[in-house]
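Undergrad: This structure is in structure tokens; I'll ask about it shortly.
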Amino acid sequence: MKATIYDVAREAGVSIATVSKVINAKGKISTERRNQIFAIMQRLQYQPSAIASALTSKQTFTLGLLIPDIANPFFAEVARAVEDRGHRFGYSVIICSTDNKDDRVERYISVLKQKRVDGIIIGTGLENNDILQDISTIIPIVVIGREVNSFPVHTVVADDYAGGRQAACHLLSLGHTKMVVLAESLQISSSRERVRGFRQSLGEAGISLPDESILACKSGLEDGRARTSELLSRMDRPTALFCCNDLIAVGALQAAKECGLRVPFDLSIVSFDNTLLATVTNPPLTSIAQPMDQLGEAAVDLLIQQFADSNTVKQRIALRTELIVRDSTAEVSTSEIL
């Protein structure tokens, strides 16, 4: 026999109204108490009726998540964190891959509005911020992994600037001075901040990073491979690469092997994200780790706060990055310095 809201209330020692408030993210109920009631719901396998809730509270207990590409391991791991956190609070998640194209974003937002989702997490690049501003007046939103400076909105980001600095400091400590950055589109704030942090650290060490040493790539493996092949064919090739995501770095690894270079002895590579992919390459990648679970969880929490109080002060949460050293980086060889 299926558990009912009455069973949950009796087990928790609270009223049915309190359980209803927890389900609907309303009322002044402590986080500890909410978590206790959700734990009881999970144990009893109680599922609120989405139809009944939608009729009585105008909620559908669904969230939308817009990301560039679910095939990218970083976004896949973030999406899983959003799903897990959403499910804990009784929400299902609709995931949409946009390829960072505004027309797709607009189409998906239209679909999500028709589905009457309760809120949207936006982790995709946008050239037209008016899209965000328009939707934020209708549906609660949280932007993840991107900065929005044109109007106030809840955002959750990794400290991309600090991550860029960590990558540069690591390569500098190994004696590298000839470095190139393979970045995703610099139209995306996260890429700009990673490059800015990297460049700043090099400048403080008295090393310039000219514009021609910052190469824009598509986010995928093939573009990283093609760009790296071009670089390594030059007479004055770099001794180290900073790749702004793991997929680009894997492409760089492939190109180095095709050119007969040994990583890390002939070429050091630092990546960004530290997805599972960074651990299974040969050699494993030194990477700047983003807290993917925390990014997804914080985004869901901010949405739920908005459901309870739409007038909450807009927050910007910046999470720490961490340098994870593996086998794709080493001290620059004497022959490379000369």
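The values are calculated or read from the model by the stated rules, or taken from the named source; none is laboratory data. The model shown is predicted, which means the values in this text are computed figures rather than measured ones. Counting neighbours? That spans all protein chains shown, and the Cβs are built from the backbone with ideal geometry, glycine included.
Undergrad: Any chance the range 216-239 includes a residue that's within 15 Å of Ile269 (Cβ to Cβ) and in contact (Cβ under 8 Å) with a residue 60 or more places away in the chain?
TA: There is at least one residue in the range 216-239 that is within 15 Å of Ile269 (Cβ to Cβ) and in contact (Cβ under 8 Å) with a residue 60 or more places away in the chain.
Undergrad: For Ala298, indicate whether it is buried (at least 16 other Cβ atoms within 10 Å of the Cβ), within 23 Å of Arg326 (Cα to Cα) and small (Gly, Ala, Ser).
TA: Judged against the criteria, Ala298 is not a match.
Undergrad: Are any of the residues in the range 314-324 farther than 24 Å from Pro152 by Cβ and of a type in the set (Asp, Glu)?
TA: Scanning the range 314-324, I find at least one residue that is farther than 24 Å from Pro152 by Cβ and of a type in the set (Asp, Glu), so the answer is yes.
Undergrad: Among the listed residues Glu331, Glu336, Glu322, which satisfies the condition of being over 30 Å from Ser136 (Cα atoms), surrounded by 13 or more Cβ atoms within 10 Å (Cβ to Cβ) and at pLDDT below 90?
TA: Within the list Glu331, Glu336, Glu322, the selection yields Glu336.
Undergrad: Additional query: Please specify each residue of the range 94-148 satisfying the condition of being over 25 Å from Thr312 (Cβ atoms) and of a type in the set (D, E, K, R).
TA: Of everything in the range 94-148, those that are over 25 Å from Thr312 (Cβ atoms) and of a type in the set (D, E, K, R) turn out to be Asp99, Lys101, Asp102, Asp103, Arg104, Glu106, Arg107, Glu127.
Undergrad: Go through Arg107, Arg80, Arg85, Arg116 for me and flag whichever is touching a Gly at 6+ places or on another chain (Cβ under 7 Å) and among the charged types (D, E, K, R).
TA: Step by step, each of Arg107, Arg80, Arg85, Arg116 is checked, and only Arg85 is touching a Gly at 6+ places or on another chain (Cβ under 7 Å) and among the charged types (D, E, K, R).
Undergrad: With the requirement that a residue be under 17 Å from Glu193 (Cα atoms), among the polar types (S, T, N, Q) and surrounded by fewer than 20 Cβ atoms within 10 Å (Cβ to Cβ), what does the range 211-243 give you?
TA: Within the range 211-243, just Ser213 meets the criteria.
Undergrad: While we're looking at this one, here's another question. How about the range 286-333: which of its residues are over 28 Å from Ser150 (Cα atoms) and among the polar types (S, T, N, Q)?
TA: Thr286, Ser287, Ser328, Thr329, Ser333 - these are the residues of the range 286-333 that are over 28 Å from Ser150 (Cα atoms) and among the polar types (S, T, N, Q).
Undergrad: Here is a further query. Does Lys28 meet the test of being outside the structural domain of Ile138 (by TED's automatic domain parsing), of a type outside the set (Phe, Trp, Tyr), assigned to a loop (DSSP other than H, G, I, E, B) and at pLDDT 75 or above?
TA: yes
Undergrad: If you take just the helices (runs of 4 or more DSSP H) that sit entirely in the range 190-296, which of them hold at least 3 residues that are acidic (Asp, Glu) and not assigned by TED's automatic domain parsing to the domain that holds Asn149?
TA: The helices (runs of 4 or more DSSP H) meeting that bar are 221-232.
Undergrad: Hey, can you tell me all the residues within the range 100-128 that are touching a residue at least 24 places away in the same chain (Cβ under 8 Å) and surrounded by fewer than 14 Cβ atoms within 10 Å (Cβ to Cβ)?
TA: Selection gives Lys115, Arg116, Glu127, Asn128.
Undergrad: Considering each of Ile131, Ile139, Ile207 in turn, give the residue that is among the β-branched types (Val, Ile, Thr) and surrounded by 17 or more Cβ atoms within 10 Å (Cβ to Cβ).
TA: Going through Ile131, Ile139, Ile207 in turn, just one is among the β-branched types (Val, Ile, Thr) and surrounded by 17 or more Cβ atoms within 10 Å (Cβ to Cβ): Ile139.
Undergrad: Okay, moving on. For Gly251, state whether it is over 30 Å from Lys26 (Cα atoms), touching a residue at least 12 places away in the same chain (Cβ under 8 Å) and small (Gly, Ala, Ser).
TA: Answer is yes for this residue.
Undergrad: Applying the selection to the range 73-90, what residues are modelled with pLDDT of 90 or more and either of a type outside the set (Lys, Arg) or part of a loop (DSSP other than H, G, I, E, B) (or both)?
TA: Result: Pro73, Phe74, Phe75, Ala76, Glu77, Val78, Ala79, Ala81, Val82, Glu83, Asp84, Gly86.
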